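S.K.: Structure below; questions to follow.
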Amino acid sequence: MPHWLRYAFWLALGLSLLLHLAALIAQPLYAWLTRPEFAETELRKVSKTLQAQRLADAEPGKPEALRGVKPAEQLEVRFGGSPVPVKITAVARPESKVARTAASRVRAMTEPVPLATASAPAIAVATSSQASAAVTASMVALASAPRATPVPASTPVRTRASTVLAASTEQMGRFPRDVRVTYVWGSVPARMHWQIGQSSYRLDVEGSLGFKSRTFHSEGEITAQGIVPRQFSEYRDNKPEPKYQVDFDWQAMKVQIGEPGQRKEEALQEGDQDLFSAAFHLALVGGRAQTMSLYTGRKRYPDIHFEPAGEATLTIGRQHIDAVLLRGRWQDRRVDFWLAPQWNNLPVRMTVDIPKEGSFDLWANIIELDGQRVLDGPRPGAAVDSNMRRP
């Protein structure tokens, strides 16, 4: 083979390798160069209140007065052979047209429907809860029928405005059932999905860069008192088996932690959480000072005391968000959860500094609460204008 042909071959091979390498690093490099920048003010004294959250109504179809009321097991209806009727003398009093209309509607709704011919005595026993609920609902409707009281013309407007304000305040205090947050760690996005079932929760956090990925999964029970984790797992590089796993046994008050096949047993105490469920637990209880053990999959860190350490305004894109810092410190380790009162105390920033475990600073960039997007910051890899840059 001629020398010039040999040189041409090696030159072409080198150029091909350079092109492939450029293709591999181009996207991460561009994402890093166009990464969104964030800012925060100095810590100040806490002025915002982290309100304790309530879970969604378990019986959304029932009226407010009937929620939690157990329907009757038996409803007895008699036809024929009725006792001697008691005469009731009605005292006539003036009623407005509005009151009479409301009363007639209630009467029409509660008018008995003939189930059988009334000529023969019969006793019908119904075990359905629908009949009981209907009777009780009619009683509530009758009690809440509007009275014809003359009011000024401006009153309906005030009533409507106050109703909207109360609904908005109630919505803020109800913890969302479906939360999707995209966090950013430098130029690496990490996506978190929080879901609430009937009495359970599921939390998934996933991040990847190139061929490397890490996924965290937490599941367990959720009550008005907070979160009770059952299992916490860490997966790497899309492998089906977990790298680390934590199983919480609340009956025996024991926990199994570590790599599958090499796990060890630790003592379990009330209020203990895994690394990611802790943020949602603190959000649910309203940011009260808490002492708990944290589980990272590899290790248990006992008796970490979380308490409010201050408040700051975070700048994400064009939005300024007031957040309360709940800090947990032990030895040379630190975990910070920045909770936003305006969004049900959800963590808009999480900072973890654990030597030999890892350190990261996650900033929320996109937040969706029950399908509604409330924060839409700049995305990694997207063009960022000067208004979104750190001042």
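S.K.: With a point put 7 Å past each Cα toward its Cβ, work out how far residue 185 is from residue 200 in nm, to one decimal.
M.R.: So the label points at residue 185 and residue 200 sit 2.7 nm apart.
S.K.: While we're here: Exposure proxy check: 292, 253 ranked by fewest other beta carbons within 10 Å?
M.R.: The fewest-first ordering by Cβ neighbours comes to 253, 292.
S.K.: Between residue 241 and residue 178, what's the calculated FRET efficiency when r is the beta-carbon distance and R0 is 30 Å? Round to 0.05.
M.R.: According to the calculation, E is roughly 0.60.
S.K.: Tell me the Rg and the Dmax, in Å, that the Cα atoms of segment 241-391 produce.
M.R.: 17.5, 57
S.K.: Obtain the nm distance between the two label points defined at residue 249 and residue 331 by a simple spin-label model: each point lies 7 Å from its Cα along the Cα-to-C-beta direction.
M.R.: Going by the 7 Å Cα→Cβ label model, 2.6 nm.
S.K.: With the cut-off at 22 Å, tell me which of the pairs 212/254; 212/239; 254/356; 243/299; 212/264; 212/243 have Cα atoms farther apart than that.
M.R.: 212/254; 254/356; 212/264
S.K.: Oh, and also: Based only on Cα atoms, what Rg/Rh ratio does segment 170-263 have, Rh being taken as Kirkwood's radius?
M.R.: 1.02
S.K.: If you consider only alpha-carbon coordinates, what radius of gyration and Dmax does segment 247-298 have, in Å?
M.R.: Calculated on Cα positions, Rg and Dmax stand at 12.0, 38 Å.
S.K.: Kindly put 281, 320 in sequence by how many other C-beta atoms sit within 10 Å of each C-beta, fewest to most.
M.R.: 320, 281
S.K.: Would you mind calculating the relative contact order of segment 245-324 from Cα pairs under 8 angstrom and at least 6 residues apart, reporting the percent as a whole number?
M.R.: That works out to 20 percent.
S.K.: Here's something else I'd like to know. With a cut-off of 14 Å, note down the residues of segment 304-318 whose backbone N falls inside the zone around a label point 7 Å from the Cα of residue 44 toward its beta carbon.
M.R.: Within reach of a label on residue 44, which here means backbone N under 14 Å from a point 7 Å along Cα→Cβ, segment 304-318 contributes 310-315.
S.K.: By how many nm would the segment from residue 21 to residue 209 grow when fully extended, if each residue of separation counts as 0.36 nm and the alpha-carbon distance is taken off?
M.R.: Computed gain between residue 21 and residue 209 is 66.1 nm.
S.K.: Can I ask one more? What is the fewest-to-most order of 48, 356, 254 by other Cβ atoms lying within 10 Å of their Cβ?
M.R.: Ranking 48, 356, 254 by Cβ neighbours within 10 Å, fewest first, gives 356, 254, 48.
S.K.: Using 0.36 nm times the number of residues separating residue 230 and residue 319, minus their current alpha carbon distance, what extension gain do you get?
M.R.: Contour length minus Cα-Cα distance gives 28.4 nm.
S.K.: Loop only per DSSP, at most 14 neighbouring Cβ atoms within 10 Å: give me the chymotrypsin sites (Phe, Trp or Tyr not before Pro) in segment 209-248, ordered by residue number.
M.R.: Sites meeting the loop and neighbour criteria: 211.
Since every read-out is calculated from the coordinates, none of them should be taken as a lab result. Since the structure is predicted, the reported quantities are computational estimates derived from the model, not experimental observations. Cβ coordinates were reconstructed from backbone atoms using ideal geometry, including for glycine residues, and neighbour counts include every protein chain displayed.
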